[in-house]
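Before any comments, here is the structure.
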Amino acid sequence: MKVEAQGNPYILQMTRIDKPALLRRTFDLGCAYSGQILSYQKMLGQLHDAGNTTTLAHYLDLLETAGLIKGLQKISIEKVRQRASSPKLIVLNTALMSASTNKNLQAAQKDSDYWGHLAETAIGAALINSLKGSDGEVFYWSGNNREVDFIVKIKDKLIALEVKSGAKKTALPGMEEFAKSYPKCRKLLIGAQGIAIEKFLSQTIEIINS
């Protein structure tokens with residue numbers, strides 16, 4: 001599940017970094033928690049740093065521009081609430097996630113939690129990289145103890161995507177809950193009994209625009 005990113009690797013050389021150690025630890029944290037939602041406060045606790053959430057959000061933006069990590073925002077009608085949401089961390093090159101562990105392929109597949117986050121990361125990175133420079137944006141959604149892995153917004157069109165790394169057919173309560181507020185959204189299941197992960201990775205734009 002390798003997905004490579006596009007970005008400007010020189011941005012970190014051209015930008016003043018007041019806390020380089022914090023930036024490095026933010027990068028390490030993004031690799032370790034890719035595919036997961038993590039509040040800024042929890043991130044600061046993990047980083048053991050006295051910095052503030054504004055600095056952390058800025059460093060995530062820098063890491064995104066460099067093509068390394070993106071903090072997805074929760075989709076919301078209110079832009080202020082959207083910006084203040086806890087980010088969902090996604091490495092933009094899945095090699096960064098796998099390189100940060102000592103798991104080989106067999107060990108990774110046996111660890112269902114890790115394999116699930118890796119599959120979700122691969123889909124998220126493919127969406128973000130494929131839609132870069134277009135009218136499309138990628139978010140996630142959560143509410144009422146439910147979550148949808150990814151929401152793609154292209155102008156007035158919404159596409160809700162759920163990723164399942166296993167083969168068994170499962171319920172999608174998050175998708176159902178999201179559709180109550182956005183009944184016109186298009187729903188896609190990636191993996192399990194839906195679109196094969198390999199097919200989605202090779203035809204991301206075609207599937208999104210179909």
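Annotations
- Any hit, the stretch 136-158, residues being modelled with pLDDT of 90 or more, over 17 Å from GLY35 (Cα atoms), of a type in the set (Gly, Ala, Ser) and under 15 Å from the mean Cα position of the chain (by Cα): yes
- Qualifying residues in the stretch 14-38 (those that are assigned to a helix (DSSP H, G or I) and small (Gly, Ala, Ser)) - the one surrounded by the fewest Cβ atoms within 10 Å (Cβ to Cβ): ALA21
- Sole residue being in contact (Cβ under 8 Å) with a residue 12 or more places away in the chain and of a type in the set (Lys, Arg), chosen from LYS199, LYS169: LYS169
- Filtering the stretch 123-164 to residues that are charged (D, E, K, R) and crowded, with 18+ Cβ neighbours inside 10 Å leaves GLU147, ASP149, GLU162, LYS164.
- LEU188 being more than 18 Å from LEU131 (Cα to Cα) and surrounded by 15 or more Cβ atoms within 10 Å (Cβ to Cβ): no
- Put simply, of ILE195, ILE208 the only residue that is among the aliphatic types (A, V, I, L, M) and within 17 Å of the chain's Cα centre (by Cα) is ILE208.
- In the set (1) buried (at least 19 other Cβ atoms within 10 Å of the Cβ); (2) at pLDDT below 95, the condition left unmet by LYS110 is number (1).
- Any hit, the stretch 33-49, residues being modelled with pLDDT of 90 or more and aliphatic (A, V, I, L, M): yes
- For the stretch 165-176, the set of residues classified as surrounded by fewer than 19 Cβ atoms within 10 Å (Cβ to Cβ), at pLDDT below 90 and not hydrophobic (A, V, I, L, M, F, W, C) consists of GLY166, LYS168, LYS169, THR170, listed by residue number.
The values are calculated or read from the model by the stated rules, or taken from the named source; none is laboratory data. Bear in mind that the values here come from a model prediction, so they are computed numbers and not experimental data. Cβ sites come from the backbone with ideal geometry, for glycine too, and all protein chains shown count toward neighbours.
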